[in-house]
Amino acid sequence: MTHSTRVRCRLLGKITFTCLMLLLGGSFAAAAEPEWKIGLAQIKITPEQPVQMAGYASRTKPFEKVAADLFAKAMVLEDRDGHRAVIVTSDLLGFPADVAEPICERLQKKIGLKREQILLNSAHTHAGPLLSLSAPAKDDPNSGEALRTVEYTHKLQDKVVEVVVQATEHLEPAWLSWGGGVIDFVMNRREFTADGVILGNNPRGLADRSVPVLRVDSADGKPLAVLFGCACHNTTLGPDNMQISGDYAGFAQAYVQEKYPKAQAMLMLGCAGDANPYPRGTMELARKHGTALGEEVCRVLETKLKPVGGPLKIAFARVDLPLTTSLSRDELEKLAANKRDIRSFCATKMVALLDKGEKLPTHYTCPQTVWQFGNDLTLVGLSGEVVVDYVPLLEKALGPNKLWLAAYCNDVFGYLPSVRVIAEGGYETRGLYSGGAGYFGAKAEEVLVRKVRDLAKEAGRKLPE
């Protein structure tokens, strides 16, 4: 090789290296700019006066003590294009439509969020306050308690609006990343006996034990928030409990915040309609399950997580889920009279509608939503107490990867059973307990899965053929 050739080679090498570094430097510079802005806030929603507790009809008197405070927490997300949305989590049994929709309407007027940009989720604690906006009858002997419940519900609505506004006012650059873990206390509760399906323990039954985890870091890499999921009824504590708490979900959030003191921990419940904690029954067990879940979340946070980019695209729809229309008045009256049948409560409401000369509803309309985070993550927000069968159904419809399934979102109207659960019977076929009267028909499964698939496609998720 001649001297001039060696000079040309060295010059070419320097140019190539310089160009490569400029290219890499440009990508590093771009990567060093956080893609998201995040706003966070939380507010205490513990009742200040004795009110009736939610979740177990056998409890007929107000709570006696506060074992742990309850919170509503907000996370406002904004991508580079200014697309904004908010997730609210809460230590409540659930937001029925008549409580949730006025909150959303107020947020639309106050800060300009559209309905589809708001997702309200509850941890379904059975150790929290009852929500109701229904004024008691004048001759109701418990009218004082009922009025306190209405007063609490109005104050709760105010606080949820307040916490979202606070979160919106404090946006800062942030990174998102996500991963997943597993928890072992989730037990299918549909126990098969000679007398039918009862609420019990079914170790061989399907259960979703996954723990999705979303980590939110500041621009300099410090944890700001942790959003995580669990698909288990928040019912470690039974009907004999008269103490306010967030049950295992509340204790799990407290554990994560203790380990990450500057981060806001938030829990979204998954398809937990037919799953209970195992074992259950004491405050000690609630704390134990909460600690176990919190430990798993913290373990996942220290693993190599996958980055979550934008843009954020949301598809939202109100879906008409079919109700059964095959029951005659005589059949409904027999169901209503049999107080040992879990379907009695709904049948009583249906007979009352017929007595008024009204037609029975043929469907129940409820919101469903899909949030698409770039090509990195799909969050599905389902209304109601969704049974676990919808996990494999939606995994098949949408593809199983980069998928987070949440239920108890926006409207907790009752259980949403699958075709299988409807055929087998049991507690989850009890019908609507708020917002209407009726039992879901077998066609509801197909309607929901098809609509969620359509929403996922609209939001930009790549679907399986």
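Worth pointing out:
- Each label point was placed 7 Å from the Cα along the Cα-to-Cβ direction; for Thr46 and Glu105 their separation is 3.3 nm.
- When both region 201-255 and region 370-418 are represented by their alpha-carbon centers, they are found 17 Å apart.
- Contact order relative to length of region 39-114, as percent, for alpha carbon pairs under 8 angstrom and 6 or more apart: 26
- Gained length - Lys65 relative to Thr291, 0.36 nm times residue gap less alpha-carbon distance: 79.2 nm
- Mean Cα-pair separation over length for region 67-153, i.e. relative contact order, pairs under 8 Å, 6 or more apart, %: 27
- At most 16 other Cβ within 10 Å, DSSP loop - trypsin sites (Lys or Arg not before Pro), region 331-374: Lys339, Arg340, Lys356, Lys359
- Label-point separation, Lys359 to Lys114 (7 Å along Cα→Cβ), nm: 3.2
- Per residue, the average separation of C-alpha pairs within less than 8 Å and at least 6 apart gives the chain a relative contact order of 16 percent.
- Non-local Lys pairs in region 348-465, i.e. 8 or more apart or on different chains, that have alpha carbons under 23 Å apart: 13
- Rounded FRET efficiency, nearest 0.05, which uses the C-beta distance separating Glu258 from Glu33 and R0 of 30 Å: 0.40
- Under the span-like rule (Cα at least 30 Å along the axis, Kyte-Doolittle mean at least 0.5), DSSP H helices of the chain: 3-31
- Restriction of the GluC sites (Glu not before Pro) in region 213-306 to DSSP coil positions whose beta-carbon has at most 13 other beta-carbons within 10 angstrom yields Glu302.
- Carbon and sulfur %, accessible surface of region 230-301 computed with the full protein complex present, 1.4 Å: 51
- Loop-located GluC sites (Glu not before Pro) in region 327-400 (DSSP state other than H, G, I, E, B) with a sparse environment of at most 14 neighbouring Cβ atoms within 10 Å: Glu358.
- Computed E for Asp240/Arg204 - FRET, C-beta separation, R0 25 angstrom, nearest 0.05: 0.30
- Per residue, in Å², the accessible surface of region 303-382 once ligands and nucleic acids are set aside, probe 1.4 Å: 53
- FRET efficiency for Ala337 and Gln166, using Cβ-Cβ distance with R0 set to 51 Å, rounded to 0.05: 0.50
- Working from label points 7 Å from Cα in the Cα-to-Cβ sense, the Ala352 to Asn375 distance is 5.4 nm.
The values are calculated or read from the model by the stated rules, or taken from the named source; none is laboratory data. As the structure is a computational prediction, the values presented were derived from the model and not from experiment. Note that we place each Cβ from the backbone using ideal geometry, even for glycine, and neighbour counts take in every protein chain shown. Ligands, DNA and RNA are stripped out before the accessible areas are found, and what is left, the full protein with its side chains, is counted by its heavy atoms. Shrake-Rupley method; radii C 1.70, N 1.55, O 1.52, S 1.80 Å.
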